[in-house]
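Enquirer: A single structure is presented below for examination.
No lab work stands behind these numbers, since they all come straight from the coordinates. On a predicted model such as this, the values are computed, not experimentally measured, just so you know. Cβ: placed from backbone, ideal geometry, glycine included. Neighbour counts: every protein chain shown.
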Amino acid sequence: MQSDVAVADLRFDESGLIPAVVQQHDTGEVLMVAWMDAEALERTLELGQTVFYSRSRGEQWHKGATSGNTQRVVDVRVDCDADTLLVMVDQGGDGTACHTGARSCFHRRPSAFRSMSS
């Protein structure tokens, strides 16, 4: 069952933001999590590339505009509560999504982590 959801019907938080989980469309790898306001989401849908809202800078940013590591949007999904986005992309540039130069922002573990499979 799939249905469309209007941007106006999304549940943005008290700051007008919604989290966006960014996933590589063909592998399922989670690349990053960022925030979008309604305008950033609309720009993302228009451009076909990700645009986010930086909470620290208080402004929008077009992912990869300076680094060349843009993200071509393949699909956007809304969760059942309409308060989180899943943005499926094709990671461009040199293939890195993280500002540290790593492929994914999720490349570290807590030091106290113990594998559940051992």
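Enquirer: Using alpha carbons only, how many degrees (0 to 90, rounded to 10) separate the axis of helix 38-47 from the longest principal axis of the chain?
Expert: The angle comes out near 80 degrees.
Enquirer: If I take every Cα pair under 8 Å that is 6 or more residues apart in the chain, average their sequence separation and divide by the length, what percent do I get for the relative contact order?
Expert: 24
Enquirer: For every other residue with a beta carbon closer than 10 angstrom to the beta carbon of Val7, add +1 if it is Lys or Arg and -1 if Asp or Glu, then tell me the sum.
Expert: Here the count lands on -3.
Enquirer: Tell me whether region 14-91 comes out rounded, prolate or oblate; compute the Cα gyration tensor, take square roots of the eigenvalues as a ≥ b ≥ c, and use a/c under 1.5 as the rounded threshold.
Expert: oblate
Enquirer: Nearest-5 percent of antiparallel DSSP beta bridges in the chain?
Expert: Just about 80 percent of them are antiparallel.
Enquirer: Can I ask one more? As an exercise, identify the GluC sites (Glu not before Pro) in region 1-70 lying in DSSP coil whose Cβ has no more than 13 other Cβ atoms within 10 Å.
Expert: Glu14
Enquirer: Also, I was wondering about something else. Provide the gained length on full extension for the span Asp9 to Gln60, in nm with one decimal, where the gain is 0.36 nm per separating residue minus the Cα-Cα distance.
Expert: Result for the pair: 16.3 nm of gain on full extension.
Enquirer: Can you tell me the FRET efficiency between Ser111 and Val21 if r is taken as the Cβ-Cβ distance and R0 is 25 Å, rounded to the nearest 0.05?
Expert: Plugging the Cβ-Cβ distance into 1/(1 + (r/R0)^6) gives 0.55.
Enquirer: What size of dipole, in debye to the nearest 20, comes out for region 14-91 about its Cα centre when the only charges are +1 on Lys and Arg C-beta atoms and -1 on Asp and Glu C-beta atoms?
Expert: It comes to approximately 320 debye.
Enquirer: Using the Cα centre of the chain as origin and beta-carbon charges of +1 (Lys, Arg) and -1 (Asp, Glu), tell me which of Phe113, Leu85, Gly101 is placed farthest towards the positive end of the dipole.
Expert: The residue sitting farthest along the positive end of the dipole is Phe113.
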